[in-house]
Amino acid sequence: MECEICGKPVPENNPIKAKIEGSVMVVCKECSKLGKIQKAPPKPKFVKQNKNKNQRPASTRNRPYSRSEEPSEELIEDFSLEIRKAREAKDWSREDLGRKINERVSVITRIETGKMTPDVKLTKKFEKTLGIKLLEKVDNIDLNQFVNSSSGERTLGNIMKIKRK
């Protein structure tokens with residue numbers, strides 16, 4: 001087993017799990033310093049039985065993952081600036097834009113200042129009302145080209161690309 005960040009060997013009998021930037025990963029001792037070490041969750045003392053046998057479990061649970069579920073579009077990097085420029089070009093106040101897309105002024109203010117990221121539904125409202133493009137197509141990346149030649153394994157460190165503009 002290898003560290004998901006640097007690729008160093010991790011003992012299989014006692015792997016270290018750390019929460020780094022919101023993701024729980026198996027890491028080496030050095031990389032565990034980058035986040036918070038996670039303890040194993042306590043085992044439940046009893047399992048609750050489902051009394052209604054006719055009830056089906058939710059269809060989203062235990063469903064196999066498929067690549068088609070990955071988002072094909074993502075929000076552009078400078079969305080807040082684009083929204084503000086488009087609104088000002090139409091000579092609308094935040095209140096005017098709020099009325100047109102049925103949103104509160106505080107939400108528009110937080111989005112324009114970059115303190116909030118709009119969801120897909122709200123982003124499409126902005127696109128339609130302001131006549132701008134905020135969602136860009138995401139290309140699938142072939143991860144095999146990033147495989148580290150020394151270990152042959154894929155790690156976060158040798159896959160990550162930094163987007164610079």
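Computed FRET efficiency, Cβ-Cβ of Lys45 and Ser23, R0 25 Å: what is it to the nearest 0.05? Please report the intermediate quantities before stating the final value.
Working: r = 29 Å, r/R0 = 1.17.
Given R0 = 25 Å and the Cβ-Cβ separation, E is 0.30.
What is the calculated FRET efficiency for Leu75 to Gln38, with r their C-beta to C-beta distance and R₀ = 30 Å, to the nearest 0.05?
Values: r = 30 Å, r/R0 = 0.99.
Working from the Cβ atoms, E equals 0.50.
Assuming 0.36 nm per residue, please report the length gained on full extension of the stretch Glu127 to Lys115 beyond their Cα-Cα distance. Mind showing how you got there, number by number?
Values: separation 12, 0.36 × 12 = 4.32 nm, distance 1.91 nm.
Result for the pair: 2.4 nm of gain on full extension.
Please go through the residue pairs Lys8/Lys36; Lys19/Lys85; Lys19/Lys128 and name each one whose alpha carbons sit more than 28 Å apart in this structure. Walk me through the intermediate numbers first.
Working: Lys8/Lys36 19 Å; Lys19/Lys85 38 Å; Lys19/Lys128 39 Å.
Table pairs above 28 Å Cα-Cα are Lys19/Lys85; Lys19/Lys128.
Counting only heavy atoms of the protein chains, get the accessible area per residue of segment 92-132 (1.4 Å probe) and round it to a whole Å² value.
Details: 2540 Å² over 41 residues.
So segment 92-132 comes to 62 Å² accessible per residue, rounded to a whole number.
The values are calculated or read from the model by the stated rules, or taken from the named source; none is laboratory data. It should be emphasised that the depicted structure is a prediction, and the values quoted were computed from it without experimental measurement. Cβ atoms come from the backbone with ideal geometry, glycine included; neighbour counts cover every protein chain shown. Surface areas here come from the heavy atoms of the whole protein model, side chains and all, with no ligands, DNA or RNA. Shrake-Rupley method; radii C 1.70, N 1.55, O 1.52, S 1.80 Å.
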